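**Student:** Mind looking over this structure? Questions follow.
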Amino acid sequence: MKMIDLSVPLSPKVKEPTPPSIHYHSHKEGADQAVQHLGITHDDLYQGKAWATEDVSASTHAGTHVDAPYHYGDVSEGEKARTIDQLPIDWFYGDGVLFDFSEKEKGYEITSDDLNEQLEEMSYTLKPHDIVLIRTDADKQLYQPQYAFCHAGVSAEATRWLINQGIKVMGIDAWGWDIPLDVQVQNYKKDPASNRIWDAHLVGLEKEYCQIEKLANLDQIPRRHGFKVSTFPVKIENASGAWARPVAILEA
């Protein structure tokens, strides 16, 4: 069995609009805590040291994460939108299907025709609960200033089509699932009647689904299907999303 890490780190160095902050506590600071709370001295501890810990302050949408339906709005399919801790665990492990749009330019909007064309090339038909992965190679610019605004994205029409095929979880190796927000705003200002900001995300108001955002290393998956994906989100109560450590699993 071969496993491929599909995640980016939670790191303040990443060039996303809302990066996390991390405060690292040393083994000496851990010893100070032990002395304070346990009624011992530093001499009682091995080498005078104890535990190292970290304090992380981060949006649930920093780093590689899963968006819950509640992220898109408070209602989905006419019901109260579910948060990340309310979703079925079996959604997050399944057969992976990889679509490659790494040659497309910034702002290219992927359609269902594009997806169907690649499915024909793969000789594959999507089935319910496949986990769809969209490769753009935006992860290669993770530490560059333009990272959040450099990618091809998925249209609302294609998102709706995927949901209608029974897909519950779909992901992309870019900062967002839609085309970059700066392009969305430009399009909206030119033609408000035909353009809706955050359009693909808002499909989640109509139909329940989850996105994985900020994937990585999709170029390392050696085949387009015939592999498993595990992408279990952290169980954060009442949250609109949660960090995840997606992995592609291939039989050797």
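Taken together, the values in this text are just the output of simple stated rules run on the coordinates, not laboratory data. Small disclaimer: the values here were computed from a predicted structure and weren't measured. A quick note on method: Cβ atoms are made from the backbone with ideal geometry, for glycine too, and the neighbour counts reach across all protein chains shown.
**Student:** Excluding residues on the same chain fewer than 8 positions from LYS49, give the aspartates and glutamates whose Cα lies under 12 Å from its Cα.
**Tutor:** Of all the aspartates and glutamates, those that pass the test against LYS49 - Cα under 12 Å, at least 8 places apart if same chain - are GLU29, ASP32.
**Student:** A follow-up question, please. Compute the label zone of VAL56 within region 1-43: residues whose backbone N is under 20 Å from the point 7 Å along Cα-to-Cβ.
**Tutor:** 4-27, 30
**Student:** Which cross-chain or sequence-distant (5 or more) residues have an amide H under 5 Å from the amide H of PHE232, H modelled 1.01 Å from N in plane?
**Tutor:** For PHE232, whose amide H was placed from the backbone, the distant partners under 5 Å are ARG245.
**Student:** Sticking with this one: Quick check on the exposure proxy: order CYS210, CYS150 from fewest to most C-beta atoms within 10 angstrom.
**Tutor:** Ordered by Cβ neighbours within 10 Å, fewest first: CYS150, CYS210.
**Student:** Shifting gears a bit: Along the charge dipole of the chain, pointing to its positive end and built from +1/-1 on Cβ of Lys, Arg, Asp and Glu, which listed residue (GLY204, ALA34, VAL247) has its Cα farthest out?
**Tutor:** The one lying farthest along the dipole's positive direction is ALA34.
**Student:** Could you bin all the Cα-Cα distances of the chain into 5 Å bins starting at 0 and give me the percent of pairs in each, rounded to whole numbers?
**Tutor:** Histogramming the chain at 5 Å steps yields 1, 6, 12, 16, 18, 15, 11, 7, 4, 4, 3, 2, 1, 0, 0 percent.
**Student:** If you don't mind, there's one more thing I want to ask. In whole Å, how far is the Cα centre of region 203-228 from that of region 116-177?
**Tutor:** So the two Cα centres are separated by 6 Å.
**Student:** Could you please report the charge total around THR125, scoring K, R as +1 and D, E as -1 over all other residues with beta-carbon less than 15 angstrom from its beta-carbon?
**Tutor:** Taking every Cβ under 15 Å from that of THR125, the sum is -3.
**Student:** Now, a different point. Taking the DSSP beta bridges in the chain as the whole, what percent of them are antiparallel, to the nearest 5?
**Tutor:** Around 65 percent of the beta bridges assigned by DSSP in the chain are antiparallel ones.
**Student:** If neighbour count is taken as other Cβ atoms inside 10 Å, put LYS104, LYS2 in order from fewest to most.
**Tutor:** Taking fewest neighbouring Cβ atoms as first place, the list is LYS2, LYS104.
**Student:** Oh, and also: What longest region of the chain stays clear of GluC sites (Glu not before Pro) that DSSP places outside H, G, I, E and B and that have at most 11 other Cβ atoms within 10 Å?
**Tutor:** Between the exposed loop sites, the longest stretch runs 106-236.
**Student:** Chymotrypsin sites (Phe, Trp or Tyr not before Pro) within region 39-141: which are DSSP loop residues with at most 16 other Cβ atoms inside 10 Å?
**Tutor:** TRP51, TYR124
**Student:** While we're looking at this one, here's another question. Which value at 222 nm does the chain reach when only helices count, each DSSP H run of 4 or more adding -39,500 (n - 2.57), with the total divided by all residues and rounded to the nearest 500 deg cm²/dmol?
**Tutor:** It lands at -5000 deg cm²/dmol.
**Student:** Run the dipole for the chain about the Cα centre, Lys and Arg Cβ at +1, Asp and Glu Cβ at -1, nothing else charged, and hand back the magnitude in debye, nearest 20.
**Tutor:** It comes to approximately 220 debye.
**Student:** Counting Lys and Arg as +1 and Asp and Glu as -1, what is the net charge of the other residues whose Cβ lies under 10 Å from the Cβ of ASP85?
**Tutor:** Net charge in that neighbourhood comes out at +1.
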